Amino acid sequence: PGTERVTYEGQAAVELELAACGPVPRGYPVSLRQGDDSWVVETREIISGVVADVRAGHPPGEVSARFHRTMAEAVAQVCARHREADGVNTVALSGGTFQNVLLLEQAVELLEQGGFTVYRHRRVPANDGGLSLGQAVLADQVLRAGGSGRCV
């Protein structure tokens, strides 16, 4: 096929989500390494798995579904590592990444199966719209507490 024109932010991610079809039992291998202050998902094996599946002629929907499952498994594994280190058992899934319904639903499922309490957006968007609302609420609390309202 020819070159496709990107017409909006996040288009590739949206199209990848929409391409996914069918449940997959497991994703590509996920490896984690300890970063400076968090866990880092190593992507080499994931990318190699995607490339191998594409070269082997697997349907794009299957590759996309498996990729999404991999990302959900990575989220669950990172959270499990933090729980081991810090005892944290509550997870809030937020940010534009979790506008991806497929990723969100699978991550919630895996986290809840792992015994986590999971919070997610219900009335406020997970992207910058929710961030703006959160900033406004925090600013209100600072001002009500007698803060100067001055940005630092």
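Highest mobility in the GNM of the chain, judged by mean-square fluctuation with C-alpha springs under 10 Å and restricted to D36, D86, D128, is found for D36.
Between T7, Q77, V108, the Cα set farthest toward the positive side of the dipole of the chain (charges on each charged residue's Cβ, about the Cα centre) is that of V108.
Between L32 and T7, the distance separating the two model label sites (each 7 Å from Cα on the Cα→Cβ line) works out to 4.0 nm.
Of all the options Q34, Q106, Q141, the one that moves most in a Gaussian network model of the chain with Cα springs shorter than 10 angstrom is Q141. Charge dipole of segment 11-88 (Cα centre as origin; +1 on each Lys and Arg Cβ, -1 on each Asp and Glu Cβ, all else neutral): 240 debye, rounded to the nearest 20. No solvent, one uniform scatterer per C-alpha: report log10 I(q)/I(0) for the chain via the Debye equation at q = 0.10, 0.11, 0.18, 0.21 1/Å, two decimals. After summing over all Cα pairs, the log10 values are -0.48, -0.56, -1.20, -1.38. Local charge for H68 was computed over the other residues whose Cβ lies under 15 Å away, with Lys and Arg +1 and Asp and Glu -1, and equals -4. Nearest 0.05, what FRET efficiency do S48 and V101 give at R0 = 22 Å with Cβ-Cβ as r? Efficiency at R0 = 22 Å is approximately 0.25. For the peptides 44-51, 68-75, 129-136, residues were scored by their other Cβ atoms within 10 Å and the scores averaged per peptide; the highest-first order is 68-75, 44-51, 129-136. Charge dipole (Cα centre; +1 on Lys/Arg Cβ, -1 on Asp/Glu Cβ; no other charges) of the chain amounts to roughly 220 debye. For N89 and L143 in one chain, what is 0.36 nm times their gap in residues minus the Cα-Cα distance, to one decimal in nm? In short, 16.3 nm is gained. Each Lys or Arg adds one and each Asp or Glu subtracts one; over the other residues with Cβ under 13 Å from the Cβ of I47, this totals 0.
Here, each number is a calculation from the coordinates, and none is a lab measurement. From a predicted model like this one, the values you see are computed outputs, not experimental measurements. Methodologically, a virtual Cβ is constructed for each residue, glycine included, from the backbone with ideal geometry; neighbour enumeration extends over all protein chains shown.
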